[in-house]
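Peer 1: Before I ask anything, let me first share the structure, which is written out below as structure tokens.
The values are calculated or read from the model by the stated rules, or taken from the named source; none is laboratory data. Because the structure is predicted, anything quoted here is derived from the model rather than measured. Cβ placement follows ideal geometry from the backbone for every residue including glycine, while neighbour counts extend to all protein chains displayed.
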Amino acid sequence: MAGDTPYPTALTVADFQRNLAQVRARIQAACERVGRDPAQVRLLPVSKTVEEARIRLAYAAGCRELGENKPQEADRKWEAMGDLADLRWVVIGHLQTNKAKLVARCASEFQALDSPRVAEALDRRLQALGRGLDVLVQVNTSGEASKFGLAPEEVAGFLKQLPAYSSLRVRGLMTLAVLSADAARVRPCFGRLRTLREHLRQTAPAGIVLDELSMGMSGDFTLAIEEGATTVRVGQAIFGARALPDHHYWPESSSDRESTA
């Protein structure tokens, strides 16, 4: 659960291998509790604020996908580590339209699509590059004003607009749960996304695929798996605790709470 528990900092390849093994063991245990196949759950390590040297250690330990919150940080790391040709970058944080060009050129996936303006900006940049991009639609299932994402009742209408943007390949939905140590408050945030996905599958336009549910971070990913997550975004449990809360690194964020990604 979310809380104050420190995560051990990975400083060597062996450290990363240990942390990754522990996370994967927790994924397997969560799947076993609800009769799921662990192969159905994708682990996305989140490397926000982590320096290049330690990211290269994570790569040596087997990481081939990394999640980043800030487009400019993702783009900078993508350029610096261009020699790692099979390393994919996934942008998981809120996107301002003036940063769409960065996501279009460096990301293989964008998990926080939440407005027609962002969809249009991304599509225009991607068309110019001759690229396509996998995207997830972000939904605010906690109802908190501090969080980005569409209200659940807005998602169906938004999905109907997305076929107009041919470079965007819609793969599913993403959410952030309320930050709490109380499972009774956290779990419903994930359950709402799963239920919404099942409802939307009945009305989604042709070509809109809703297979993915990206939900759960270091503090709550086992609950998310129990509620149907297909991707969990795990940072601190792999890389180690961050020294400062997220609002120090991302002052433009709408949230002033410490993340547990």
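Peer 1: Which one of these is under 29 Å from residue 186 (Cβ atoms) and surrounded by fewer than 17 Cβ atoms within 10 Å (Cβ to Cβ): 120, 153?
Peer 2: Sole residue among the options that is under 29 Å from residue 186 (Cβ atoms) and surrounded by fewer than 17 Cβ atoms within 10 Å (Cβ to Cβ): 153.
Peer 1: When you scan region 111-128, do you find a residue that is within 20 Å of residue 236 (Cα to Cα) and assigned to a loop (DSSP other than H, G, I, E, B), even just one?
Peer 2: no
Peer 1: Return the only residue of 95, 66 being within 24 Å of residue 137 (Cα to Cα) and in a loop (DSSP other than H, G, I, E, B).
Peer 2: On the way: 66 fails: in a loop (DSSP other than H, G, I, E, B).
Exactly one residue qualifies, and that residue is 95.
Peer 1: Might you check whether a residue that is assigned to a loop (DSSP other than H, G, I, E, B), surrounded by 20 or more Cβ atoms within 10 Å (Cβ to Cβ) and in contact with a strand residue (DSSP E or B) (Cβ under 8 Å, 6 or more places away or on another chain) occurs anywhere in region 39-47?
Peer 2: So far as region 39-47 goes, yes, one or more of its residues are assigned to a loop (DSSP other than H, G, I, E, B), surrounded by 20 or more Cβ atoms within 10 Å (Cβ to Cβ) and in contact with a strand residue (DSSP E or B) (Cβ under 8 Å, 6 or more places away or on another chain).
Peer 1: For a quick check of your reading of the model, give me the residue pairs whose first member lies in region 133-156 and is within 15 Å of residue 93 (Cα to Cα) and at pLDDT below 95, whose second is part of a loop (DSSP other than H, G, I, E, B) and of a type in the set (D, E, K, R), with beta-carbon atoms closer than 8 Å and at least 6 apart or on different chains.
Peer 2: As it stands, the answer is 146/256; 146/257, since those pairs meet every condition given.
Peer 1: Just to be sure before I move on: is residue 203 surrounded by fewer than 19 Cβ atoms within 10 Å (Cβ to Cβ), modelled with pLDDT under 95, among the polar types (S, T, N, Q) and over 22 Å from residue 125 (Cβ atoms) in the structure I sent?
Peer 2: Considered against the rule, which asks whether it is surrounded by fewer than 19 Cβ atoms within 10 Å (Cβ to Cβ), modelled with pLDDT under 95, among the polar types (S, T, N, Q) and over 22 Å from residue 125 (Cβ atoms), residue 203 comes out as yes.
Peer 1: OK, next. Within region 99-107, is there a residue that is touching a residue at least 24 places away in the same chain (Cβ under 8 Å) and assigned to a strand (DSSP E or B)?
Peer 2: No, region 99-107 contains no residue that is touching a residue at least 24 places away in the same chain (Cβ under 8 Å) and assigned to a strand (DSSP E or B).
Peer 1: If I filter region 171-228 down to residues being hydroxyl-bearing (Ser, Thr, Tyr) and under 22 Å from residue 46 (Cβ atoms), which single residue comes out as nearest to the chain's Cα centre (by Cα)? Steps first, answer last, please.
Peer 2: Step one: filter region 171-228 for residues hydroxyl-bearing (Ser, Thr, Tyr), giving 175, 180, 195, 203, 214, 218, 222.
Now drop any that are not under 22 Å from residue 46 (Cβ atoms), which leaves 175, 180, 214, 218, 222.
Values: 175: 8, 180: 19, 214: 6, 218: 12, 222: 15 Å.
Filtering first and then ranking leaves 214.
Peer 1: Of the residues that make up region 164-186, is at least one farther than 21 Å from residue 223 by Cα, modelled with pLDDT under 95, surrounded by fewer than 19 Cβ atoms within 10 Å (Cβ to Cβ) and not aromatic (Phe, Trp, Tyr)?
Peer 2: no
Peer 1: Restricting to region 70-92, name every residue that is assigned to a helix (DSSP H, G or I), of a type in the set (A, V, I, L, M, F, W, C) and surrounded by fewer than 19 Cβ atoms within 10 Å (Cβ to Cβ).
Peer 2: If the condition is that a residue be assigned to a helix (DSSP H, G or I), of a type in the set (A, V, I, L, M, F, W, C) and surrounded by fewer than 19 Cβ atoms within 10 Å (Cβ to Cβ), then 80 is the only one that fits.
Peer 1: Enumerate the pairs (first residue in region 67-88 and in contact (Cβ under 8 Å) with a residue 60 or more places away in the chain; second residue anywhere and not in a loop (DSSP other than H, G, I, E, B)) with beta-carbon separation below 7 Å, excluding pairs fewer than 6 apart on the same chain, so at least 6 apart or on different chains.
Peer 2: 67/44; 67/45; 67/46; 67/90; 67/233
Peer 1: Separate question: Name the pairs: first residue in region 164-178 and closer than 16 Å to residue 100 by Cα, second residue of a type in the set (Gly, Ala, Ser) and surrounded by 23 or more Cβ atoms within 10 Å (Cβ to Cβ), Cβ to Cβ under 8 Å, at least 6 apart or on different chains?
Peer 2: 165/119; 168/119
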